[in-house]
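None of the figures in this text is laboratory data; all of them are computed from the coordinates on show. Remember, predicted model here, so these are calculated numbers, not experimental data. Cβ sites come from the backbone with ideal geometry, for glycine too, and all protein chains shown count toward neighbours.
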Amino acid sequence: MGKAADLPNLPITFAGSPLERASERRIDPTWLAAQFKGGLFLPFWQNKPLIVEDRAGFLPWRDAWQEGVCVFLGLDEDQALFAVDIVGETDPDLGCGAFADMRASAFVLPARDTAIAGQAKALIDWHRRHGFCSNCGAATAPCDGGYRRVCGVCAAEHFPRTDPVVIMLPVLGDQCLVGRNARFANGLYSAFAGFVEPGESMEDAVRRELQEEAGLQIGAIRYHASQPWPFPSSLMLGCYADALSRDFKIDGNEIVDARWLSKDEVRKRLAKEIEDEMTMPASIAIAHHLVRDWANG
Ligand SMILES: [Zn+2]
């Protein structure tokens, strides 16, 4: 067995936020206003969080931020945490840190900061796209600390969306099938994935996607773990799918190649003991957990 078996059991990136969301209390404007007074605020600019010395850059309130949407993230012990969207085309110089891409930041931030910043990014991104009512077209206004928007004309309520995505690793005996999506970086092979459609269960979506993308016939499906993925608002549902045979036929459009790998080869590749063009999914992706947990199981 390769040394990959000794890899640490990493937490699932973006999951496991330590905050108490206080969902019963944040609907009370008086309570929320009191939290705001002593709150700390994570600034975002163009969907990028402020990072200060490899931590989420929470700062005291500044009046210059009043134009942007402010959302309540939760309580860290007794400390109220918020995120604020700074509007404008010019990078605001806050005198500390820098605004950084959320995905890249997930590799450097502590796990708890990544979870908190990911929650903030999903919420702020949603507010940026939902300023107008999908029912009548009038302007909407945020309330409940940012977890609801209400239309000023027809009173329709709008809630932050979470989009379920199935992500699945086909397995058969000692082998798993990994695919190369046309959009992947060079050499990356990973689990298969796709959005759950209306009227589908998670299992229905797994079967459909593997049939469409890889021509695979599937038996049992086992749920493994899930991951919030704020790009912009997905919930990744990680599964194993028992393939009924090794025969596959890639669609050649979305999936351009696929390969069966043995557990031993997966362990060696995760430990970077095989030097070639092929790469495995990065540690921040739930696909990494799917292949690693299966190979180590
Ligand atoms: Zn409306």
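Points worth noting:
- Helical contribution to [θ] at 222 nm, DSSP H n ≥ 4, -39,500 (n - 2.57), averaged over the chain, rounded to 500: -6500 deg cm²/dmol
- Proximal aspartates and glutamates relative to LYS263, as straight alpha-carbon distance under 16 Å, when same-chain residues fewer than 8 apart are discounted: ASP6, ASP174, ASP242, GLU273, ASP293
- Ranked from largest, the principal axis spans of the Cα set of the range 31-186 equal 58, 44, 34 Å.
- The range 92-157: chymotrypsin sites (Phe, Trp or Tyr not before Pro) in DSSP coil with no more than 13 other Cβ atoms inside 10 Å: PHE107
- Separation of the range 194-267 and the range 36-97, taken as the distance between their Cα centroids, equals 37 angstrom.
- FRET efficiency, ASP93 to ARG55 (Cβ-Cβ, R0 22 Å, nearest 0.05): 0.70
- Approximate spin-label separation GLU275-ASP63, in nm, with each point projected 7 Å along Cα-to-Cβ: 6.1
- Cα Rg, Dmax, the range 162-296, angstrom units: 13.8, 44
- Sites SER283 and PHE195 - FRET efficiency at Förster radius 25 Å, r taken between beta-carbons, to 0.05: 0.55
- DSSP bridge analysis restricted to the range 1-96 gives an antiparallel fraction near 65%, rounded to the nearest 5.
- Under 25 Å of direct C-alpha separation, and excluding same-chain neighbours fewer than eight residues apart, LYS37 reaches these lysines: LYS48, LYS121.
- Set against the 2.2 N^0.38 Å expectation for a compact globular protein, the range 22-107 has a Cα radius of gyration ratio of 1.11.
- Remark: spin-label model distance ARG21-VAL153 equals 3.1 nm, labels positioned 7 Å along the Cα→Cβ axis.
- Sequence-ordered 3J(HN,Hα) estimates for the range 189-194 from the Karplus curve with 6.51, -1.76 and 1.60 and θ = phi - 60° stand at 10, 8, 5, 8, 8, x Hz, glycine and proline given as x.
- Length-normalised contact order for the chain - Cα pairs under 8 Å, 6+ apart - percent: 19
- Cα-derived Rg to Rh of the chain, Kirkwood definition: 1.02
- Along the chain, longest interval not containing exposed GluC sites (Glu not before Pro), exposed being DSSP loop plus at most 10 other Cβ atoms within 10 Å: 90-274
- Restricting the range 159-191 to trypsin sites (Lys or Arg not before Pro) in coil, as DSSP defines it, with at most 14 other Cβ within 10 Å: ARG161, ARG183
- Pairwise label distance in nanometres, SER262 with GLU77, each label 7 Å out on the Cα-Cβ vector: 5.2
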